[in-house]
Amino acid sequence: MWRRGERLYALLVFLVVVLEGVALGGLVLAFSGRLLGLWDYPAAQRILFQALLLTGVALAFLSAYILLYHAYTQARELQDRRDYEAWLSRFTRALFAEESLPPPPWPRPALEALLALREMLKGELSQRLADWLRRADPPWDRVLRGRFAFRPARLEALEALAQARLPETLDLILTYLDHPDPVLRLAAARAGARVAREEGVLSFAQALLQAALPRGALLEALLLLEEQIGPAASLLLEAGGVEERWAALEAIGRLKFQGLAEAASAFLEHPDPELKAAAMRALLRLGHSPKGFEEVLLAALKDEREFLRVHAARLLALLRNDLARRALWQALRDPSFYVRRAAAEGLRLLDPGLLAQAARKHPDPYGRAMAEQVLREAA
């Protein structure tokens, strides 16, 4: 990602490399001609001197630019920081002491101060800050609508809109979920999740279905919705592909959204093992007992894939019945260390007495050892 001034630096480096190539090419031609007797020694010596002079001038310009660039940016950052703190104090006094503000347009540090306050404050004060942002007429929407803005400027504008959280900017943000640049699509997903409210959440979810984002980016966007995840997760579970459904199940569990526990339970019978595992993790985090899916969990406990057996052993403990006790007792025989551990931890939550009995009498020596270890850790 480019910073201000680095494009000029890249151009200068390119010119220096070109001049060095010209100088080296001249030297090769001069001394080749000297070896072949085409040029005399003074001519070759003159070309060598010119090449060294050209190299020295180019390096001097490059070094001078680097020093001046660092000096300028350090002074500019210091001044911007002072302006930012001054505007932050001015806006704070206007919020709490009802002091008047100068009319917009306001400089860049003022907009950054407004965004920082918008992030920190809630309720009526936050709405006043939103009104000030609208009055300021910031350039972010114009940057996103423009054709010639570079990627850094667009990313900066999307981040600013995410911090501003102005509902009227959602439609503009959603247009970038269809952008060919995956970096801009990811930034738009983050911004849209923070801006979307009420009816906008469903529009955001519909745009996510077309965005072709990886599952990690989808999960991040859904987590940013927080308590508003319901409509978005429901739509992704119903109409999404494997990636969208996986992200929705993970988000439901991590945010502990109980309203979609039954919808997540339905995926315990899904043929895709990743979705089945995601549903198990979601139900375990929700603490939702998977009643009616006992046969599915027992089948998963015997699956050849280790991660499914681990999740099934953990989820069985929520049934709190004799079937779960017998299944977890049998799971202590599993060849996988992680399955045995999940079974022992499930027995500790379900029936500590049965776990103590397993530590003494279980026929599998590895199962006995695991039961003993979990009991020691619990003690």
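The values are calculated or read from the model by the stated rules, or taken from the named source; none is laboratory data. Keep in mind that this is a model prediction, so the values were computed, not measured. Neighbour counts are summed over all protein chains in view; Cβ atoms, including those assigned to glycine, are modelled from backbone coordinates with ideal geometry. Note: accessible area is taken over every heavy atom of the protein model, side chains too, but ligands, DNA and RNA are not part of it. Shrake-Rupley method; radii C 1.70, N 1.55, O 1.52, S 1.80 Å.
Descriptive notes on the structure:
Yes/no matrix, rows are residues, columns are (1) in a helix (DSSP H, G or I); (2) open to solvent by less than 90 Å² (accessible area, probe 1.4 Å); (3) touching a Gly at 6+ places or on another chain (Cβ under 6 Å):
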{"position": "Gly25", "(1), (2), (3)": "yes, yes, no"}
{"position": "Arg34", "(1), (2), (3)": "yes, no, no"}
{"position": "Ile47", "(1), (2), (3)": "yes, yes, yes"}
{"position": "Ala60", "(1), (2), (3)": "yes, yes, no"}
{"position": "Leu68", "(1), (2), (3)": "yes, no, no"}
{"position": "Asp80", "(1), (2), (3)": "yes, yes, no"}
{"position": "Ala86", "(1), (2), (3)": "yes, yes, no"}
{"position": "Ser89", "(1), (2), (3)": "yes, yes, no"}
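- Condition met for Pro180 (open to solvent by 50 Å² or more (accessible area, probe 1.4 Å), within 19 Å of Arg118 (Cβ to Cβ) and not polar (S, T, N, Q)): no
- Residue within segment 129-137 that is of a type in the set (A, V, I, L, M), in a helix (DSSP H, G or I), open to solvent by 50 Å² or more (accessible area, probe 1.4 Å) and touching a residue at least 12 places away in the same chain (Cβ under 8 Å) present: no
- Unmet requirement for Ala299, which otherwise passes all of (1) in contact (Cβ under 8 Å) with a residue 12 or more places away in the chain; (2) open to solvent by 10 Å² or more (accessible area, probe 1.4 Å); (3) of a type in the set (A, V, I, L, M): (1)
- Considering residues of segment 210-261 that are outside any helix (DSSP H, G or I) and farther than 27 Å from Pro180 by Cβ only, the residue nearest to the chain's Cα centre (by Cα): Leu255
- Members of segment 320-340 that are of a type in the set (Lys, Arg), in contact (Cβ under 8 Å) with a residue 12 or more places away in the chain and surrounded by fewer than 20 Cβ atoms within 10 Å (Cβ to Cβ): Arg320, Arg325, Arg333
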